[in-house]
Amino acid sequence: LVDVGQIRGHVMDLTSYDTRFTGTSENKRAVTETADKFSTLGYKITLTCFAPEKCGFVAERPGTDKAQDVLLLIGHVDSVNRSHAGADDNASGVAVMLEMARVLSEISTQKTIQFFVTNGEEQGLLGSEFYVQSLSDRELG
């Protein structure tokens, strides 16, 4: 079911950028290309931008019976500002999320599945804090 080669390939893709530091052109490209991979698997993409040109996204697939219940998985696409950094922080996390999305795309789930690929985490949890502040009281549970 889980394809380790796919995970490895996603890590290699994400670490091939010179840097994924938030706001750089390569960071923006990494966000876009990662969102495209989720979209190809049938997930609806919603951008979450905490500042101009500094975005993450939520990839969502609605559940069948308990769609109001959400399983949220989070990883961040940015890295520190060093060449080809971030395999373990957090390219591997995003790579596993992509593989989970592939596996889950082939089965029906009662609950809504959301993959939150955030950005700006190396600069102080910027994307995560923005996302949480944007949620309604109902969404916060």
If we keep only residues of the range 14-58 that are part of a strand (DSSP E or B), touching a helix residue (DSSP H, G or I) at 6+ places or on another chain (Cβ under 7 Å) and open to solvent by 40 Å² or more (accessible area, probe 1.4 Å), then the residue nearest to VAL103 (Cα to Cα) is ILE45
Residue match in the range 81-88 (condition: modelled with pLDDT of 95 or more, among the acidic types (Asp, Glu) and closer than 25 Å to GLY5 by Cα) | no
Of the candidates ARG61, ARG82, ARG102, the one satisfying the condition of being under 30 Å from ASP18 (Cβ atoms), touching a Leu at 6+ places or on another chain (Cβ under 8 Å) and basic (Lys, Arg) is ARG102
- Condition met for GLU26 (at positive phi and among the acidic types (Asp, Glu)): no
| field | Selection status of ARG61, touching a Phe, Trp or Tyr at 6+ places or on another chain (Cβ under 7 Å), over 21 Å from GLY9 (Cβ atoms) and among the basic types (Lys, Arg) | value | yes
With the first residue restricted to the range 36-56 and required to be farther than 21 Å from GLU121 by Cβ, and the second required to be of a type outside the set (Ser, Thr, Tyr) and open to solvent by 60 Å² or more (accessible area, probe 1.4 Å), Cβ contacts under 9 Å at 6 or more apart or on different chains are LYS44/PRO62
The helices (runs of 4 or more DSSP H) lying entirely within the range 83-141 that contain at least 2 residues which are open to solvent by 30 Å² or more (accessible area, probe 1.4 Å) and farther than 25 Å from MET12 by Cβ are 126-134, 137-140
ALA30 meets each of (1) within 19 Å of GLU122 (Cβ to Cβ); (2) free of Cβ contacts under 8 Å to residues at least 24 places away in the same chain; (3) not acidic (Asp, Glu) with one exception, condition (2)
* Asked: Would a scan of the range 66-74 turn up a residue that is assigned to a loop (DSSP other than H, G, I, E, B) and of a type outside the set (Phe, Trp, Tyr)?
  -> no
ASP69 meets each of (1) open to solvent by less than 40 Å² (accessible area, probe 1.4 Å); (2) more than 23 Å from GLU122 (Cα to Cα); (3) of a type in the set (D, E, K, R) with one exception, condition (1)
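The values are calculated or read from the model by the stated rules, or taken from the named source; none is laboratory data. No experiment lies behind these values; they were computed from the predicted model shown. Cβ atoms come from the backbone with ideal geometry, glycine included; neighbour counts cover every protein chain shown. Surface accessibility is based on the protein's heavy atoms, side chains included, excluding ligands, DNA and RNA. Shrake-Rupley method; radii C 1.70, N 1.55, O 1.52, S 1.80 Å.
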